[in-house]
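K.L.:
The following block contains the structure, expressed as structure tokens.
The values are calculated or read from the model by the stated rules, or taken from the named source; none is laboratory data. Since this is a predicted model, take the numbers as computed values, not measurements. Counting neighbours? That spans all protein chains shown, and the Cβs are built from the backbone with ideal geometry, glycine included.
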Amino acid sequence: MLRFARGSAILAPMSRTDDVVNGIKHMILNGDLQPGERLPVEKELAETLGVSRGSLREGVRALSILGILNSRQGDGTYVTDLDVSQLLAPMGFVVDLQGDGQTLHLHAIRRLLECEAARLAATRITDEALKEAEALLEEAGRILDENPEAHERIIEIDIAFHRIIAAHTGNPVLTGMIETFASRTVRERLWRSLREEGIDRRTHGEHNAIWRALKYHDPDAARIRMANHLLGVEDSLPFLPGPDEDEPPLES
């Protein structure tokens, strides 16, 4: 089998590790391996895939990193439940590694995803979820009135509000992709809060406008309100710390 070599149009043979990855993938797609099922013993699986045990182990390690397989010491290797958010987690790691020069590009993607999420959620969100989102916004309002310097809690509420919307799209892949942007968003939102006076109050007003569109189950209004909100996020990006400035330690 052939593949394109990285950074070149020259064709290079696929490695035996690639054969293992593709072989196990096809076994899952064909139903020969089900989510939660244990892989055959090493000798049998290596013979089935036509590879050495060493190549098999390398392929299994690669699939474990991707969240497709889970090796349990003393109990063999299992196919995971193939949860979308878990499978997309490596993409979130890659997103976090991007430099400041990619920030606008990343937020443009986030805007596309979350605007569609708001549109979908407007037709699917439950009364219970609306009450949960309303409670978050009420808490944010109290904090802004009583303790406006509590930036980290405001950010937590911001993330939770967006997660409620993503969770009600009816599309787990879209939900998982939105989640991949969360940790970078947390850091950038903190700096926006610290550097732009009044940004939390503006964001709070935008969130309330989104919530009202969701409450009335208006997909177009929800999409537009989300777009206005995230365009405001993008407009504030020049205020983020430059490459020579220290970022505060913040775990997502």
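K.L.:
Limited to region 63-82, what total is found for residues that are in contact (Cβ under 8 Å) with a residue 12 or more places away in the chain and out of contact with any strand residue (DSSP E or B) (no Cβ under 9 Å at 6 or more places or on another chain)?
P.N.:
Number satisfying all stated conditions: 5.
K.L.:
Taking only region 220-234 into account, find how many residues are crowded, with 17+ Cβ neighbours inside 10 Å and farther than 21 Å from PHE181 by Cβ.
P.N.:
Residues that pass the stated criteria total 1.
K.L.:
Out of curiosity, is ILE155 touching a residue at least 24 places away in the same chain (Cβ under 8 Å), farther than 11 Å from ASP200 by Cα and either surrounded by 12 or more Cβ atoms within 10 Å (Cβ to Cβ) or among the β-branched types (Val, Ile, Thr) (or both)? Write out each step before concluding.
P.N.:
On the way: touching a residue at least 24 places away in the same chain (Cβ under 8 Å): yes; farther than 11 Å from ASP200 by Cα: no; either surrounded by 12 or more Cβ atoms within 10 Å (Cβ to Cβ) or among the β-branched types (Val, Ile, Thr) (or both): yes.
No, not satisfied.
K.L.:
Among LEU69, LEU104, LEU11, LEU97, which is more than 29 Å from the chain's Cα centre (by Cα) and either at pLDDT below 80 or surrounded by 14 or more Cβ atoms within 10 Å (Cβ to Cβ) (or both)? Write out each step before concluding.
P.N.:
Working: LEU69 fails: more than 29 Å from the chain's Cα centre (by Cα); LEU104 fails: more than 29 Å from the chain's Cα centre (by Cα); LEU97 fails: more than 29 Å from the chain's Cα centre (by Cα).
Of LEU69, LEU104, LEU11, LEU97, the one residue that is more than 29 Å from the chain's Cα centre (by Cα) and either at pLDDT below 80 or surrounded by 14 or more Cβ atoms within 10 Å (Cβ to Cβ) (or both) is LEU11.
K.L.:
Please go through (1) within 18 Å of VAL173 (Cβ to Cβ); (2) modelled with pLDDT under 70 for LEU88 and return the number of the only condition it doesn't satisfy.
P.N.:
(2)
K.L.:
I would also like to ask the following. Quick one: would you say ALA140 is surrounded by 12 or more Cβ atoms within 10 Å (Cβ to Cβ), over 17 Å from the mean Cα position of the chain (by Cα) and closer than 20 Å to ILE164 by Cβ?
P.N.:
Details: surrounded by 12 or more Cβ atoms within 10 Å (Cβ to Cβ): yes; over 17 Å from the mean Cα position of the chain (by Cα): yes; closer than 20 Å to ILE164 by Cβ: yes.
Against the criterion (surrounded by 12 or more Cβ atoms within 10 Å (Cβ to Cβ), over 17 Å from the mean Cα position of the chain (by Cα) and closer than 20 Å to ILE164 by Cβ), ALA140 qualifies.
K.L.:
Exactly one condition in (1) of a type outside the set (S, T, N, Q); (2) within 28 Å of GLU179 (Cβ to Cβ); (3) exposed (fewer than 12 other Cβ atoms within 10 Å of the Cβ); (4) modelled with pLDDT under 70 is false for ALA5; which is it?
P.N.:
Unmet condition: (2).
K.L.:
Conditions first: (1) at pLDDT below 90; (2) of a type in the set (Asp, Glu); (3) over 22 Å from LEU104 (Cα atoms). ASP145 passes all but one, so which condition is the exception?
P.N.:
Only one criterion in (1) at pLDDT below 90; (2) of a type in the set (Asp, Glu); (3) over 22 Å from LEU104 (Cα atoms) is unmet by ASP145, namely (1).
K.L.:
Next up: Taking the condition at pLDDT below 90, in a helix (DSSP H, G or I), crowded, with 17+ Cβ neighbours inside 10 Å and not acidic (Asp, Glu), does ARG187 pass?
P.N.:
Details: at pLDDT below 90: yes; in a helix (DSSP H, G or I): yes; crowded, with 17+ Cβ neighbours inside 10 Å: yes; not acidic (Asp, Glu): yes.
Taking the combined requirement at face value, the residue satisfies it.
K.L.:
What's the number of the only condition in (1) part of a helix (DSSP H, G or I); (2) exposed (fewer than 12 other Cβ atoms within 10 Å of the Cβ); (3) modelled with pLDDT under 95 that GLU251 fails to meet?
P.N.:
GLU251 satisfies every listed condition except (1).
K.L.:
Search region 20-32 for residues that are of a type in the set (Gly, Ala, Ser) and pair each with any residue that is part of a helix (DSSP H, G or I) when their beta-carbon atoms are under 8 Å apart and the residues are at least 6 apart or on different chains.
P.N.:
Listed pairs, sorted by first residue: GLY23/THR48; GLY23/LEU49; GLY23/GLY59.
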